[in-house]
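The values are calculated or read from the model by the stated rules, or taken from the named source; none is laboratory data. Quantities reported herein were computed from a predicted structural model and do not represent experimental measurements. We place every Cβ from the backbone using ideal geometry, glycine too, and count neighbours over all the protein chains shown.
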Amino acid sequence: MKRNPAIAILTLALITFFMTGGQAAGEEIPIGKVDTIKGPVTVTRSDGREITASEGIAIFAGDRIVTGKGGMVSFSFEKGRQFRLGEEAQISVDELSGRDSEDSQPVLRLALGYLWSRIQKFTGKTQRTVIHTPTAVIGVRGTEFDSVVSLDGTSVVAVDEGSVEVEVEEGKTILDQGKMTRVEVGVKLSVPVQATPKGKRDWQAWRRERVKRLFKNLPRMAPKFRARFERGTDRFTGFTERIQASSARLRTAMEKVRQAKLERNRKKFRASVQWLKMQAKNFKTMAAKFRHGLNRVRVMGRLSHRIEKFVARNKERFSAGELAAIESNLAVIARKRQSLRNVARQTVSDIRRTFRELKAFREEIRRGRS
């Protein structure tokens, strides 16, 4: 069959558009590894398997790393991303990091404790590393900084090199070298101040002080935290139907390209290629927004679960009225958390499947051109 030159040129343009360099569809590839450990450290895989960490083990998307008292773990990702998690801390790698995704950059969720980060500077926005805490989103390109989360969800970020963007619901700020800021639940982002010198920081003492304050502040904080969690959950669940619709349009667009190429209809093929590009771009944008919202509520969900345990262990420290108010707010969060888990699991699966289909389509048009 004689090849249509115009269609061949458009096919090449389509191949270029879909060039991602990603792994083969469905292939599970590590995104990092554990470098050193000290004391008790566990890794929970995305399927729920819990293993004792050891030096050199692989880190995958969806893994959760937890350190016990006296524990510490250093781990790294490719392209110069180094991290060290302190004792009695918890961090997760989000489920869409480096697997069945067009954006393979790892995203971390620091739910509790101290994390030291050193990110090698690269040019281009695709190298941006993101860390979610219960109250802030930290975006970096090349820097060294401390981030720490207390039991009450308060986050502190202190920058020792480069700069860091700290985003909250109300806005964002840039922290330059030598500056730090604190973000509490339901409180506006504080003005950056001079950071405590690196050698004089005692984050464990700061965390203990925050726990003491929690007894006093929790009755006031609980309704604010519930409202924040509900807003985040409602926003993110609102994306699910839109993502499903976007995914359906993308599949339809791929089929139209196949059909137009088979018919060797130049005009139809050109129009279908342009529509496919638009639908692919829209789907990636929707998936990125969903991912951002999901990480926000996931890290808040972890926080609420820890606060539930804290309240159960310390009921005698609260009055009957305070305890009733706290528990009623936490009960609302718990119900939302369960519905979130079910919706998130299904939507993440749908996003992965759609990205796999995009990659398979890319290979299909490559083979068709060869």
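Listing for the model above:
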| item | result |
| --- | --- |
| Candidates Val185, Val191 - the one that is assigned to a loop (DSSP other than H, G, I, E, B) and either surrounded by 15 or more Cβ atoms within 10 Å (Cβ to Cβ) or acidic (Asp, Glu) (or both) | Val185 |
| Residue in the stretch 214-234 that is surrounded by fewer than 20 Cβ atoms within 10 Å (Cβ to Cβ), modelled with pLDDT under 95 and under 30 Å from Arg270 (Cβ atoms) present | no |
| Check on Ala195, over 24 Å from Lys172 (Cβ atoms) and modelled with pLDDT of 90 or more | no |
| Residue within the stretch 351-367 that is of a type in the set (S, T, N, Q), surrounded by fewer than 17 Cβ atoms within 10 Å (Cβ to Cβ) and modelled with pLDDT of 85 or more present | no |
| Complete set of residues in the stretch 150-178 that are buried (at least 21 other Cβ atoms within 10 Å of the Cβ) and free of Cβ contacts under 8 Å to residues at least 60 places away in the same chain | Thr154, Ser155, Val156, Val157, Ala158, Val159, Val164, Val166, Leu175 |
| Residue in the stretch 311-328 that is touching a Lys or Arg at 6+ places or on another chain (Cβ under 6 Å) and either surrounded by 18 or more Cβ atoms within 10 Å (Cβ to Cβ) or of a type in the set (D, E, K, R) (or both) present | no |
| Those residues of the stretch 255-272 which are surrounded by 20 or more Cβ atoms within 10 Å (Cβ to Cβ) and either of a type in the set (Asp, Glu) or within 19 Å of Arg356 (Cα to Cα) (or both), in sequence order | Val257 |
| All positions within the stretch 312-336 that are in contact with a helix residue (DSSP H, G or I) (Cβ under 6 Å, 6 or more places away or on another chain) and under 24 Å from Arg296 (Cβ atoms) | Ile326, Asn329, Leu330, Val332, Ile333, Lys336 |
| Which numbered condition Arg341 fails, given (1) surrounded by 17 or more Cβ atoms within 10 Å (Cβ to Cβ); (2) within 24 Å of the chain's Cα centre (by Cα); (3) closer than 22 Å to Gly153 by Cα; (4) of a type outside the set (Ser, Thr, Tyr) | (1) |
| Any hit, the stretch 244-253, residues being within 29 Å of Ile131 (Cβ to Cβ), in contact with a helix residue (DSSP H, G or I) (Cβ under 6 Å, 6 or more places away or on another chain) and surrounded by 15 or more Cβ atoms within 10 Å (Cβ to Cβ) | yes |
| Single residue of the stretch 194-212 satisfying the filter (without any contact (Cβ under 8 Å) to a residue 12 or more places away in the chain and assigned to a helix (DSSP H, G or I)) that is farthest from Arg141 (Cα to Cα) | Lys212 |
| Search result, residues across the stretch 64-81 that are within 23 Å of Arg291 (Cβ to Cβ) and either modelled with pLDDT under 95 or among the hydroxyl-bearing types (Ser, Thr, Tyr) (or both) | Ser76, Phe77, Glu78, Lys79, Gly80, Arg81 |
| Selected residue [touching a strand residue (DSSP E or B) at 6+ places or on another chain (Cβ under 6 Å) and of a type in the set (A, V, I, L, M)] from Val273, Val299, Val311 | Val299 |
| Matching residues, the stretch 273-311, being touching a Leu at 6+ places or on another chain (Cβ under 9 Å) and either of a type in the set (Val, Ile, Thr) or on the phi > 0 side of the Ramachandran plot (or both) | Val273, Val297, Val299, Ile307, Val311 |
